[in-house]
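Have a look at the structure below, then the notes.
Values quoted throughout were computed directly from the atomic coordinates according to the rules given, and no laboratory measurement underlies them. Because the structure is predicted, anything quoted here is derived from the model rather than measured. Positions of Cβ are generated from backbone atoms using ideal geometry, with glycine treated the same way; all protein chains shown enter the neighbour counts.
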Amino acid sequence: MTELGVDAWMNVGMSGLGALACATFAVIYHLRATWWKSEVGRNQMAFAAVVGLLCLYTVLGTLWQGDECVLLALRIFSMFIRAAVVALMVQRTRLFLKAQRESRDRTGV
C-alpha cells in the first residue's frame with residue numbers, strides 16, 4: 001500500500017470524502033424527512049446510498065489491491081452497485097417524466 005502514488009492517495013481521499021458526504025446526507029435526510037413516504041424520497045435515499053457504496057468500493061479496492069480474493073469480491077460487489085445506479089437513474093427519469101406530465105395536465109396553474 002505504501003507504493004501508491006500521490007494520484008492514488010488523492011483518489012482514495014476524495015472517494016472517502018464522497019462516501020462520508022453520502023453517509024452524512026443519508027443520516028440527516030433520515031432524521032429530518034419522511035423520505036420513505038414518497039417515491040422521490042426513496043429514490044433520493046437509495047441514490048445517496050448507492051453513490052456512497054461506489055465511493056467506498058474505490059477506497060477498498062485501492063487499499064486491498066494486493067489481495068486477489070478481496071478484489072474479486074469487490075468487483076462482483078461493484079457490478080451490483082453499478083446495476084443499482086442504472087435502475088435508480090431509470091426510476092429517476094420515470095419520476096421526472098411523470099412530474100412533467102402531471103404539471104402539464106393541470107389547468108390554470
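Tell me yes or no: at least one residue of region 23-40 is in contact (Cβ under 8 Å) with a residue 24 or more places away in the chain, in a helix (DSSP H, G or I) and either of a type in the set (Val, Ile, Thr) or in contact with a Pro (Cβ under 6 Å, 6 or more places away or on another chain) (or both). Scanning region 23-40, I find at least one residue that is in contact (Cβ under 8 Å) with a residue 24 or more places away in the chain, in a helix (DSSP H, G or I) and either of a type in the set (Val, Ile, Thr) or in contact with a Pro (Cβ under 6 Å, 6 or more places away or on another chain) (or both), so the answer is yes. Determine, yes or no, whether Ser15 is part of a helix (DSSP H, G or I), touching a residue at least 24 places away in the same chain (Cβ under 8 Å) and of a type in the set (Ser, Thr, Tyr). Judged against the criteria, Ser15 is a match.
Report yes if Val51 is out of contact with any strand residue (DSSP E or B) (no Cβ under 7 Å at 6 or more places or on another chain), surrounded by 12 or more Cβ atoms within 10 Å (Cβ to Cβ) and part of a helix (DSSP H, G or I), otherwise no. Against the criterion (out of contact with any strand residue (DSSP E or B) (no Cβ under 7 Å at 6 or more places or on another chain), surrounded by 12 or more Cβ atoms within 10 Å (Cβ to Cβ) and part of a helix (DSSP H, G or I)), Val51 qualifies.
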